[in-house]
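The values are calculated or read from the model by the stated rules, or taken from the named source; none is laboratory data. A quick note: this is a predicted structure, and the numbers were derived from the prediction, not measured. Backbone-built Cβ (ideal geometry, glycine too); neighbour counts: all protein chains shown. Only protein heavy atoms, including side chains, enter the accessible area calculation; ligands, DNA and RNA are left aside. Shrake-Rupley method; radii C 1.70, N 1.55, O 1.52, S 1.80 Å.
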Amino acid sequence: MKNTFYITVPIYYANAGPHVGSAYTTIAADILARWHRLQGKEVFFLTGTDEHGQKIQEEAEKSGKSPKEFVDEIAKEFQQAFKLLNISNDNFIRTTNKFHEKEVKEILQELYDKKYIYKGFYEAYYCVGCEQYKTESELVDGKCPLHKTIPELRKEESYLFKLSAFQDKLLNLIKTGKFNILPKNRRKEIITFIESGLKDISISRLKEKVSWGIELPFDKKYTTFVWVDAFWNYLTGLKEKKVFDKFWPANLQIMAKDIIRVHATIWPALLLATGNKLPETLFVHGYFTINGEKMSKSLGNIISPFYLVERYGVDSLRYFLIRNIPFGDDGDFSESTLIERHNNELANKLGNLVSRLSTLAEKYGIEKSNSKIKIDETYKKVSAYFNNYELDKALAEIFSFIDKINEFLQKSKPWETHDKKVLYEAASAIKNISILLSPFLPETAEKIAKTFNFNISLDELNNQLKISRIKKSDILFKKI
Ligand code: MSP
């Protein structure tokens, strides 16, 4: 069996800095990447920035910077944010990178030589906010439902990609699960969408209109549609590190519903047309609002991960985002709920437990004993939840084990009995649960491991906790 795992997130548009939405997808993927590493797999986790296209060209113009200066700054912001969020990515791909651009030109030429790209006339609605073509059925009152803007009608001579040629093949691959789309309701939606008919799409813009893009190698008057360029990141991100053969095809690609249609049609069609294997699974998570409203510049409610981490700490943010929104469903982000969960679940349950137990262990010491609080069932359940992408449930299961440790202490009252065996049993249980918690809250798990002297690895789940001198831990979560 393949012991590698390749996971990707969308590369984010470099028209604006990171926000809590891009943080959400990246944190979820990071948790999955860390979980698979814990299982002993060799993991490659890719993220990056999508830096070409009309939207970015326009934003750069507004800010009075050259597009290159503009995207350099934004890419840096994303990199800083991901570092702050403790994202364990193995590469950060930028589509303005020369290696990427060269690879994209090569596949464009290949598609043209194979006659999958041809010159024609194209007429369609285009939403610059989405950088996507829209069918009339996708518009609400003639507007893009996501950006609330009237899309441009584009009528021009253009190069087209023969997307229609892949309709039957794609339907078959999706229906047989060879190209897996999850959750199931998304898969159904995509099947209906493809059955309604795939049309060839324009993949070029006249350079005089959009110059900020990769030039078509067979016609220098044009640049290529930003999505063709962007999709290829999933391959060049590996090729750049010379690990393509080892990791391709991707095991899991995560994204929200705004971009599943293009990922379920244009993307696999490009791979089929160039003789590449398809990714195994696309997982679509929900979209969340901020206090019930869409996050947008005009509403001024965009929340920056820098602000959130500074205020609440990285693990509180990671915890809240995953615990509060069932993975796959739409949800809402509210800072007051974050504070509630931070106080009640992280500070009161986990933080207090670690602080109380380490204080007692420092005072009275610990002595080996067989722990009655078994992790096996919890481990099985958490694994099953991970296999079903139910990250919120896995986290809830972990916290119900933490409740059990708290109950055990409440019953055995080691602060009265000074029973070193009871302290050992509770510390062992904390060791075990911290290992399972580590993909979610890596910083906290490391701190707990330092306090009780164990390593974060699956082997340690089966090993007994070493006897060591334990020192009272620092406060893990300050109450807000
Ligand atoms: N550049 C394209 C993707 C190209 S991939 C080959 C793009 N970029 S984006 O910056 O708009 O990112 C969209 C993605 O950001 C969503 O699919 C989702 O993963 C994440 N999210 C952005 N806002 C979000 C929410 N409000 N809620 C959940 N996810 C959010 O599309």
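What are the aspartates and glutamates whose alpha-carbon lies under 15 Å from the alpha-carbon of K76, with same-chain residues fewer than 8 places away excluded?
Those aspartates and glutamates meeting the cut-off are D50, E51.
Leaving out ligands and nucleic acids, and using a 1.4 Å probe, what accessible area per residue does the chain come to in Å²? Provide the component values of the computation, followed by the final result.
Details: 20930 Å² over 480 residues.
Averaged over the residues of the chain, the accessible area is 44 Å².
Treat the stretch 50-98 as a sphere of radius equal to its Kirkwood radius over Cα pairs and apply Stokes-Einstein at 25 °C in a medium of 0.890 mPa s; give the translational diffusion coefficient in µm²/s, rounded to a whole number. Mind dumping the intermediate values first?
Working: Rh = 11.7 Å.
Translational D for this selection: 209 µm²/s.
Under unit Cβ charges (Lys, Arg +1; Asp, Glu -1), what dipole magnitude, rounded to 20 debye, does the stretch 335-462 have relative to its Cα centre?
On the way: 18 positive and 19 negative charges, 94 e Å.
Approximately 440 debye in magnitude.
With a cut-off of at most 11 other beta carbons within 10 Å, and DSSP calling the residue loop, which trypsin sites (Lys or Arg not before Pro) in the stretch 1-58 qualify? Please list them.
Working: sites: K2, R34, R37, K41, K55; in loops: K2, K41.
Here the sparse-neighbourhood loop sites are K2.
Could you tell me which residue out of L146, F161, G64 lies farthest along the dipole of the stretch 4-309 toward its positive end? Charges go on the beta carbon: Lys and Arg +1, Asp and Glu -1, centred on the Cα centre.
Of the candidates, F161 comes out farthest on the positive side.
For the stretch 136-143, just list the computed ³J(HN,Hα) in residue order, Karplus coefficients 6.51, -1.76 and 1.60, θ = phi - 60°, integers in Hz, with x standing in for Gly and Pro.
My calculation for the stretch 136-143 gives 4, 5, 7, 8, 10, 6, x, 10 Hz in order.
So who's got an amide H within less than 5 Å of the one on K134, skipping anything under 5 residues away but keeping other chains? H placed 1.01 Å off N, in plane.
So K134 has HN proximity to Y125, Y126, C127.
Just how much of T224 is accessible, in Å², when a 1.4 Å probe is used and the result is rounded to the nearest 10?
Number for this one is 10 Å².
When the chain is fully extended, how far beyond the present Cα-Cα distance does L461 get from K374, taking 0.36 nm per residue of separation?
Full extension from L461 to K374 adds 30.3 nm.
Report, largest value first, the span of the C-alpha coordinates of the chain along each principal axis, in whole Å.
84, 48, 39
I480 versus Q109, label points 7 Å from Cα toward the beta carbon: distance in nm?
5.3 nm
Report, in deg cm²/dmol and to the nearest 500, the calculated mean residue ellipticity at 222 nm for the chain, where each DSSP H run with n ≥ 4 adds -39500 (n - 2.57) and the sum is divided by the residue count. Working shown, then result.
Numbers: 21 runs with 224 residues, N = 480.
Helix-only estimate at 222 nm: -14000 deg cm²/dmol.
Under the Karplus relation 6.51 cos²θ - 1.76 cosθ + 1.60, θ = phi - 60°, what is the ordered set of whole-Hz ³J(HN,Hα) values for the stretch 251-266, x standing for Gly and Pro?
So the J values, rounded to whole Hz, are 7, 8, 10, 10, 6, 9, 5, 4, 10, 6, 4, 5, 6, 9, 10, 4.
For the stretch 335-462, compute Rh as the Kirkwood radius over C-alpha pairs and then the Stokes-Einstein diffusion coefficient at 20 °C and 1.002 mPa s; write the answer in µm²/s, rounded to an integer.
Details: Rh = 15.0 Å.
The diffusion coefficient I find is 143 µm²/s.
Is there a quick way to get the dipole size of the stretch 1-114? I mean about its Cα centre, with the Cβ of Lys and Arg at +1 and of Asp and Glu at -1; what is the value in debye to the nearest 20? Walk me through the numbers before you get to the answer.
Working: 15 positive and 17 negative charges, 82 e Å.
I would put it at about 400 debye.
From the backbone phi of the stretch 112-120, what are the Karplus-calculated ³J(HN,Hα) couplings (6.51 cos²θ - 1.76 cosθ + 1.60, θ = phi - 60°) in whole Hz, Gly and Pro given as x?
5, 4, 7, 6, 7, 10, 9, 8, x
Given L270, G197, F92, which one lies farthest toward the positive end of the charge dipole of the chain, if we put +1 on the Cβ of every Lys and Arg and -1 on the Cβ of every Asp and Glu?
Projecting each Cα onto the dipole axis, the largest value belongs to F92.
Report the label-to-label distance for F306 and S468 in nanometres (one decimal), using points 7 Å from each Cα along the Cα→Cβ vector.
3.7 nm
Treating the beta-carbon of each Lys and Arg as +1 and of each Asp and Glu as -1, no other charges, what is the dipole magnitude of the stretch 441-480 about its Cα centre, to the nearest 20 debye?
Dipole magnitude for the stretch 441-480 comes out near 360 debye.
Express the carbon and sulfur contribution to the solvent-accessible surface of the chain as a percent, rounded to the nearest whole number, probe 1.4 angstrom.
Numbers: 10190 of 20930 Å².
Whole-percent figure for carbon plus sulfur exposure: 49.
Which entries of K65/K105; K169/K199; K184/K294; K450/K471; K119/K209 show an alpha-carbon separation above 20 angstrom in the structure shown?
With Cα atoms farther than 20 Å apart: K65/K105; K184/K294.
To the nearest 0.05, how large is the calculated FRET efficiency for N387 and K447 if R₀ is 35 Å and r is the Cβ-Cβ distance?
On the way: r = 28 Å, r/R0 = 0.81.
With a Förster radius of 35 Å, E is 0.80.
Where does the stretch 109-230 land on Rg(C-alpha)/(2.2 N^0.38 Å)? Before the final figure, lay out each step's value.
Details: Rg = 15.7 Å, N = 122, 2.2 N^0.38 = 13.7 Å.
Against the compact-globule rule of thumb, the ratio is 1.15.
Using 1/(1 + (r/R0)^6) with R0 = 51 angstrom and r between the beta carbons of E123 and N344, what's the FRET efficiency to the nearest 0.05?
On the way: r = 56 Å, r/R0 = 1.10.
Step by step, r from the Cβ atoms, then E = 0.35.
Helix 376-387 against the longest principal axis of the chain: what's the angle in degrees, Cα atoms only, rounded to the nearest 10?
Long axis of 376-387 versus the principal axis of the chain: about 10 degrees.
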